Each structure stands twice: as C-alpha cells, then as structure tokens.
Amino acid sequence: MLAKLGHRVIGYDVDEVKIARLSRGELPFREPGLPELLREQLAAGRIRFTNDAKTAVTESELLMLAVGTPSAPDGSADLRYVDAAVDTIARHLDGPKIVVTKSTVPIGTNRRIRRRFAELVDASRTPVAVVSNPEFLREGSALRDSLHPARTVIGGDDPAAMAKVRSLYDGLDAPCLMCGYETAELIKYASNGFLAAKISYMNEIARLADAVGADVETVAAGMGLDPRIAPMHLKAGIGYGGSCFPKDVDELLAMARRHNLRLRLLTETKRVNDTQIDWFVGKIAAVRPIAGSNALVLGAAFKEDTDDQRESPGIRLIEKLLRLGAGEVRVMDPTVRAAEDLRWRRRPGPRLLARVRVVTEGEDAARGIDFAAVATPWEAFRRLPWRAWAEAAARPLLFDGRNFLDPAEMREAGWTYYGVAREVGG
Ligand code: UDX
C-alpha cells in the first residue's frame, strides 16, 4: 500500500524463505488483490525485500515495526519480537531515524521502545524518534481497508516526526488524529474490544431471539439503521476468532488487572464468545445426538477470504464435535487441502485425529452424513451441489452457524435448515 502511494519500500524479515518468495512476487498468505499489487509494485521497482538488516536500516528513513505480538500464557501480549526488532535497528543505526510502531502493542510499549533506544544508542549521533501508528485493517479486505481507512491515528511527542508519518498517507482521504502514545495505543485496543463486544452482544441477543422465536438477522438490520449503532459487526453466529479480537480482549483484561481494575463488559464479552460454540452445538444436539453422528463442517478459516485459522470458531467446532464423540468429521475449506493444514487449538490425540477427513468440493463429500454445519461464510459455499448432497446425506440437516445461506433455497434443495436465531420460514 505504501509503495502504491508512491513511496520506496523495503520489506525486511528474518525468515529467508519468506523473503525469497516475496521477492519472486509470491505472497506467503492469502489476501484478495494483494498478489497482483505486489507484482505490480515489484515490477515498478518501488518495493524490494531483504533479510539483510543493515541494508534495511541504513537505506530507510522510517522503520515500521510490524512484528507479531502473540498472547503470553497469562493473556498479556508477548513483546519479544518487538524487542528483537528494536535491537536489530539499534545495531545498524547510522543516522537519525523515525521508528513507527504498527504492531498492536500494550499501553506503555512505545515509551518502552523509546527507553530501549535511549539505552542502546547515542542520541546525539543517531537520534531515534518513536511514533505510534496503529493499524485497523481486516484480514480478507486488508487492501481496501488500507486504501480507504476510516481514520489515521498518530501518537507521540515529537511533532516533526509525527508530521512526517502523517505525510506518508497524504494520498488517502481519511481524518487524522494526533495524540499521545498511551492514547493512540488505547484507541486501537478500545476499538477492537468494542467491536468484539458488539458481536458478543448480538450473540447473546441471538440466544434470546432463538428462545422467543424472533429473527436475529432482522433484529440486527433494524438496529443497524440507527446511525448511533451502525450496521457493521452486528452479525450473530458462532463467535469471533482471528489474530486480533480474542488476543486484544485478553490483553485489555490483563492490562486492567495490572492497574487493579476489572473490565466487566469485556470479561462477559469473552465469556459469551467462549460459550457461543457450546450454545450452537447444543442446538445441533437437540435435533440430532452428536455422539456417533457423521458431520460435515464447512469452513476452517476464522473468516472468509483468508487462510488464517488462528482462534478459528470452525476449528473450535471441529474439536468440540470430536470430543463429543462424533463418528467422522469431514472438513471442507477452500484453503485446506489436507488434515496437516488444520491449525488446532488443542491438538486432538491420534484416536480422534483419525476421525477427521478433509474433503473437497469435487468429492461426494456429503455421502452418509448426519448433518452439515457452516462455520465460515465462504462465497464458494453458496455454489456447492446442495441438491445432490441432500440426496447423498443420511440426514439432510443443515446448521448454518453464520446465517449465510438462503434458508428458502436450502429447503428447496432438500435440506432441513437451522440458522442462528433465524425465523422459521424466513
Ligand atoms: C479485526 C478488526 O476488524 C480490525 O479493525 C483490526 O485491525 C484487526 O481485527 P479481523 O480480525 O481481520 O479484523 O476481521 P473481522 O472482520 O473484524 O472479523 C473478526 C471475527 O469476528 C471473525 O471471526 C468474524 O467472522 C467475526 N465477526 C465479524 C462476527 O462474528 N460478526 C460480525 O458482525 C463481524
């Protein structure tokens, strides 16, 4: 995106294989539109990749940290990759630089990065300004989100460095917020926590809608028309996953604990999300006992248009069905070719693993199944041979955990359709 905006970009990583692939124009993950853009910018000479830290540091004016910040066992963010990146930069500094923190880092991290530089380098020879610039893109629509952001947030206390970072995005039409480090850091976490809470709220409303016979999709549509609520992230389903919401909610809770605070809404947000699969599986079990049933799970990615399975509700569903004694669990996902491609949360033992079979569209995937369950709303799932599958299934029971398929069409194709709080006949 920065290359597309006209900047000259160097991508640095310690992983040589990744760098070699990127240099050849191969993206090591799935993201719509990005392979084409990568090849276009490589050809234009605006982007290149290296695993030579010295080149990366000495030839750049701005150094953007985009390393992972995984969850430590206590829920707090693990900053070892941030620290390692800072050390690498410090080793090769040859003049004034601006270090921009893109990674989602806990409150206080930008100051910690600044302190680390102060310890490691001579500020009179090689001054380093640290600027916080959190990222708000979504996987699966990363490119669109980057080119049409809702806002740019720049945090720091060096106005010249902050203005320089702001100028990176001159070509974009988005409001820019300039603030202090802690404020910028919290804007990122508070936004993700709020979106996670919005989803958990709708998942709770779905449980109530299901009990009273209301249609949660129409409830969400009615709510979303109020501009104070807005229609986005109101979709009930089997819970949120991915590399951000679960981890960021955990870090917010850990952060609050460090300050002797309890964030009650977020504690419940997490609890609702952690139990949404149980609720959904309960709905299946009320129709068809799980033990001994053969199931087809559609979707392993945490959302559509990505191959990322981190904290995926689909994976959770598969694990849950296996633990409840399902016979065979077949898995279909456009990004999964073999059982080794599945990223388990808690890896099932060999006995349970033997019951997992990855199937593809071409196969007679639904033969003999007792039910199918949709875990990821991949567009391709609409075009599956539903009619033939309904005939091949032992029981044509379809549980749509994402309220994604058209209930009327599925019924017409021969399935008994159950959504998440979708009105019968809706
Ligand atoms: C999220 C934030 O949206 C983004 O701003 C931030 O930078 C990173 O975290 P991402 O995790 O990539 O992005 O995807 P998102 O579309 O937000 O979905 C996250 C999870 O919530 C997915 O599992 C998705 O299926 C689920 N979800 C999303 C719902 O269950 N209901 C919704 O209404 C929206």
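The residue list Leu322, Leu317 contains one member that is at pLDDT 95 or above, over 13 Å from the mean Cα position of the chain (by Cα) and more than 16 Å from the ligand (Cβ to nearest atom), which is Leu322. Consider segment 364-393 and keep the residues that are in a helix (DSSP H, G or I) and among the aliphatic types (A, V, I, L, M). The one that is nearest to the ligand (Cβ to nearest atom) is Ala380. Only strands (runs of 3 or more DSSP E) whose full extent lies in segment 1-118 are considered here, and none of them has at least 2 residues that are open to solvent by 70 Å² or more (accessible area, probe 1.4 Å) and either in contact (Cβ under 8 Å) with a residue 24 or more places away in the chain or not acidic (Asp, Glu) (or both). Any idea which residue in segment 143-168 is nearest to the ligand (Cβ to nearest atom), counting only those that are within 20 Å of Arg8 (Cα to Cα) and of a type in the set (A, V, I, L, M)? Filtering first and then ranking leaves Leu143. Search segment 190-213 for residues that are closer than 18 Å to Gly282 by Cα and open to solvent by 60 Å² or more (accessible area, probe 1.4 Å) and pair each with any residue that is more than 13 Å from the ligand (Cβ to nearest atom) and among the small types (Gly, Ala, Ser) when their beta-carbon atoms are under 9 Å apart and the residues are at least 6 apart or on different chains. Every condition considered, the pairs that remain are Arg207/Ala421; Leu208/Ala214; Leu208/Ala421; Ala211/Ala421. Within segment 144-187, the residues that satisfy the criterion of being open to solvent by 70 Å² or more (accessible area, probe 1.4 Å) and small (Gly, Ala, Ser) are Ala150, Ala160. Looking only at segment 214-235, how many residues end up being within 7 Å of the ligand (Cβ to nearest atom) and either open to solvent by less than 40 Å² (accessible area, probe 1.4 Å) or in the same structural domain as Ala375 (by TED's automatic domain parsing) (or both)? Number of matching residues: 1. Output yes when any residue across segment 193-214 is at pLDDT 95 or above and touching an Asp or Glu at 6+ places or on another chain (Cβ under 6 Å), and no when none is. Looking through segment 193-214, none of the residues is at pLDDT 95 or above and touching an Asp or Glu at 6+ places or on another chain (Cβ under 6 Å). When segment 392-426 is filtered for residues that are among the acidic types (Asp, Glu) and modelled with pLDDT under 95, only Glu423 remains. Filtered by the rule that a residue be under 16 Å from Phe194 (Cβ atoms) and outside any loop (DSSP other than H, G, I, E, B), segment 206-237 gives Met223, Gly224.
The values are calculated or read from the model by the stated rules, or taken from the named source; none is laboratory data. Keep in mind it's a predicted model, so treat the numbers as computed, not measured. We place every Cβ from the backbone using ideal geometry, glycine too, and count neighbours over all the protein chains shown. Note: areas computed on protein heavy atoms with side chains; ligands, DNA, RNA excluded. Shrake-Rupley method; radii C 1.70, N 1.55, O 1.52, S 1.80 Å.
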